[in-house]
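Values quoted throughout were computed directly from the atomic coordinates according to the rules given, and no laboratory measurement underlies them. Source: prediction; values computed, not measured. Ideal geometry is used to build each Cβ from the backbone, glycine not excepted, and the neighbour counts take in all protein chains shown.
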Amino acid sequence: MSLSEPPTEALADVVIVDYGLGNLRSATRGLERAGAAVTITDDPDEFAAADGVVLPGVGAFREGMENAGPYRDALAEAVARGQPVFGICLGMQMLLTSSEEADHAGEGEVVGLDFIPGRNVRFDEGQKIPHMGWNELTVERGHPHPLVTGVEGGRGGSVDGEYAYFVHSYYAAPDDDRAVVATTDHGRTFPAVIGNENGTVFGTQFHPEKSGETGLTILRNFVDICSKR
């Protein structure tokens, strides 16, 4: 079997939350290649039986939180159970407490999931927005995380120095620097991967399902994390 082929048997059962804003087809294909059995669901009752939960997302923060409202309690219960919860792009930003995006649009304060305390902020004037393209990842040495360094005995590995694909205008600014798992640069250094203190909630600002072998490594690491539950 080549490294790009999925295992013959699923290593973990993963649910993708269908709240109306996710890139579900690409995320599903990527997770399946990484060895997951994937269920796309809009039923929060299905979260508990899974090994991990994926919250993808494209679009605006307010719309994301409005659409995800019916899933807020179920996601919080998943976090309390210690299930791995993985946010992608907008899904990662929704893991934080708030975002300047709603303020910038004149829509007032919007409360995020608050699993990782912090705020999403807009790139400074003069920086090209949206930030779009391939950027190098730097793993923060002081806070290694299996999502970016690999699970012992797993099939993924480190993505330090590898490139991932970004499309966004806002970036995460966690309250605690220890939540920053990996960084990249777009006129300034900003978090590319964040995670909570327990290591069970994490997110990527980039799209792993669009990031080639780097993204596949990330998704393998996620599936390996899920398989250890």
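Starting from a Cα-only point model with no solvent, please compute log10 I(q)/I(0) by Debye for the range 46-201 at q = 0.16 1/Å.
At q = 0.16 Å⁻¹ the computed log10 ratios are -0.92.
With both bridge residues required to lie in the chain, what share of the DSSP beta bridges run antiparallel, to the nearest 5%? Write out the running numbers ahead of the final one.
Working: 21 of 39 bridges.
Within the chain, antiparallel bridges account for around 55 percent of the total.
Select from the chain the helices, each a whole stretch of DSSP H, whose alpha-carbon atoms run 20 Å or more along the helix axis and whose Kyte-Doolittle mean is at least 0.0; answer none if there are none. Show your work: numbers first, answer last.
Details: long enough: 212-227 (22 Å, 0.51).
In the chain, the long hydrophobic H runs are 212-227.
For the chain, what does -39500 (n - 2.57) per DSSP helix run (n ≥ 4), summed and divided by total residues, give at 222 nm, in deg cm²/dmol to the nearest 500?
On the way: 7 runs with 58 residues, N = 229.
It comes out at -7000 deg cm²/dmol, rounded to the nearest 500.
Where nothing but the Cβ of Lys and Arg (+1) and of Asp and Glu (-1) is charged, how large is the charge dipole of the chain around its Cα centre, in debye to the nearest 20?
Numbers: 17 positive and 35 negative charges, 109 e Å.
About 520 debye.
How much length is gained on full extension from ASP185 to ASP114, taking 0.36 nm per residue of separation minus their Cα-Cα distance? Mind dumping the intermediate values first?
Values: separation 71, 0.36 × 71 = 25.56 nm, distance 2.48 nm.
Value of the extension gain: 23.1 nm.
Can you list which of the trypsin sites (Lys or Arg not before Pro) found in the range 173-219 are DSSP loop residues with at most 15 other C-beta atoms within 10 Å?
Numbers: sites: ARG178, ARG188, LYS210; in loops: ARG188.
Those satisfying the criteria are ARG188.
For the chain, build the charge dipole from Cβ charges (+1 Lys, Arg; -1 Asp, Glu) around the Cα centre, then report which of LEU95, THR183, GLY82 sits farthest towards its positive end.
Toward the positive end, the furthest listed residue is THR183.
Can you tell which of PRO56, GLY20, GLY157 lies farthest toward the positive end of the dipole of the chain, using +1 and -1 charges on the Cβ of basic and acidic side chains (Lys, Arg; Asp, Glu)?
Positive-end residue among those listed: GLY157.
Give a quick list of trypsin sites (Lys or Arg not before Pro) in the range 20-129 that DSSP marks as loop, anything other than H, G, I, E or B, with at most 12 other Cβ atoms within 10 Å.
Details: sites: ARG25, ARG29, ARG33, ARG62, ARG72, ARG81, ARG119, ARG122, LYS128; in loops: LYS128.
Counting only loop positions with at most 12 other Cβ atoms within 10 Å, the trypsin sites (Lys or Arg not before Pro) in the range 20-129 are LYS128.
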